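The values are calculated or read from the model by the stated rules, or taken from the named source; none is laboratory data. Quantities reported herein were computed from a predicted structural model and do not represent experimental measurements. Cβ coordinates were reconstructed from backbone atoms using ideal geometry, including for glycine residues, and neighbour counts include every protein chain displayed.
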Amino acid sequence: MALKYAGIPHEHREIALRDKPKSMLLASPKGTVPVLCIDGKVIDQSLDIMHWALEQSDPDHWKSVDERIANNWIEKNDGQFKILLDQYKYPNRHPELNQEDVLNAAIEFMLKLMENNFEQTKYLMGNQVTWVDVAIFPFIRQFAGVDPRRFEELALPKTREWLQYHLESQLFNAVMEKHPTWVD
């Protein structure tokens, strides 16, 4: 989304992670996605790609945020919330866990915090979209997608509104087109 937002032309290659092409592994032996190869440089972390793109162009000032608060949101999301998301999405990988307990932990740890924030502001960092919203949105989308009916029942109306805004955004829909799997 950041590449599209920044107007950076790029070739999108859809990767089958079970059958990674040799060209990808040559560029990034780590073998994870996303990978951005630009001018002989490899950037293989989502946030690093986002920050690189925004350094090239940031027309709506997504980077104009309090970095301490922004990093706090990212640390919560990329730390404990990602763990809880994984446990919630893949209960078969975590049979020792009670799914209702995992759901409640995620709500308490992240989603209630977001909901409380949205009582004051429309977005995570204020009244305009920033890189923090775009970085966290995919994880909330995944969480909501595990059991959409259950997510709708949660007392999180502002969080659902925020999520719906991003799901319906031109930016998101522009990058969600399907691509054929890349083959060397």
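Quick one: which residue in Leu103, Leu124, Leu113, Leu97 is exposed (fewer than 15 other Cβ atoms within 10 Å of the Cβ), out of contact with any strand residue (DSSP E or B) (no Cβ under 7 Å at 6 or more places or on another chain) and not hydroxyl-bearing (Ser, Thr, Tyr)?
Details: Leu103 fails: exposed (fewer than 15 other Cβ atoms within 10 Å of the Cβ); Leu124 fails: exposed (fewer than 15 other Cβ atoms within 10 Å of the Cβ); Leu113 fails: exposed (fewer than 15 other Cβ atoms within 10 Å of the Cβ).
Just a single option satisfies the conditions, and that option is Leu97.
Does Trp62 satisfy the criteria of being more than 30 Å from Arg150 (Cβ to Cβ) and either assigned by TED's automatic domain parsing to the domain that holds Ile140 or not in a helix (DSSP H, G or I) (or both)? So Trp62 fits the description; yes.
Selection within the range 1-54: residues that are touching a residue at least 40 places away in the same chain (Cβ under 8 Å) and of a type in the set (Ser, Thr, Tyr). The member of this set that is farthest from Glu168 (Cα to Cα) is Ser23.
Is it the case that Phe137 is within 15 Å of the chain's Cα centre (by Cα) and in the same structural domain as Glu115 (by TED's automatic domain parsing)? Before you say what the answer is, go through the steps one by one.
Values: within 15 Å of the chain's Cα centre (by Cα): yes; in the same structural domain as Glu115 (by TED's automatic domain parsing): yes.
Judged against the criteria, Phe137 is a match.
Give the residues of the range 1-48 that are β-branched (Val, Ile, Thr), in contact with a helix residue (DSSP H, G or I) (Cβ under 8 Å, 6 or more places away or on another chain) and part of a loop (DSSP other than H, G, I, E, B), sorted by residue number. Of everything in the range 1-48, those that are β-branched (Val, Ile, Thr), in contact with a helix residue (DSSP H, G or I) (Cβ under 8 Å, 6 or more places away or on another chain) and part of a loop (DSSP other than H, G, I, E, B) turn out to be Ile8, Ile15, Val33, Val35.
When Thr130 is evaluated against the numbered criteria (1) assigned by TED's automatic domain parsing to the domain that holds Ile83; (2) over 26 Å from Arg68 (Cα atoms); (3) not small (Gly, Ala, Ser), which criterion, by number, is the only one it fails? If we test Thr130 against (1) assigned by TED's automatic domain parsing to the domain that holds Ile83; (2) over 26 Å from Arg68 (Cα atoms); (3) not small (Gly, Ala, Ser), just (2) comes out false. Of the helices (runs of 4 or more DSSP H) contained entirely in the range 103-184, those carrying at least 1 residues that are in contact (Cβ under 8 Å) with a residue 24 or more places away in the chain, on the phi < 0 side of the Ramachandran plot and among the charged types (D, E, K, R) fall at 112-118, 131-146, 148-153, 157-168.
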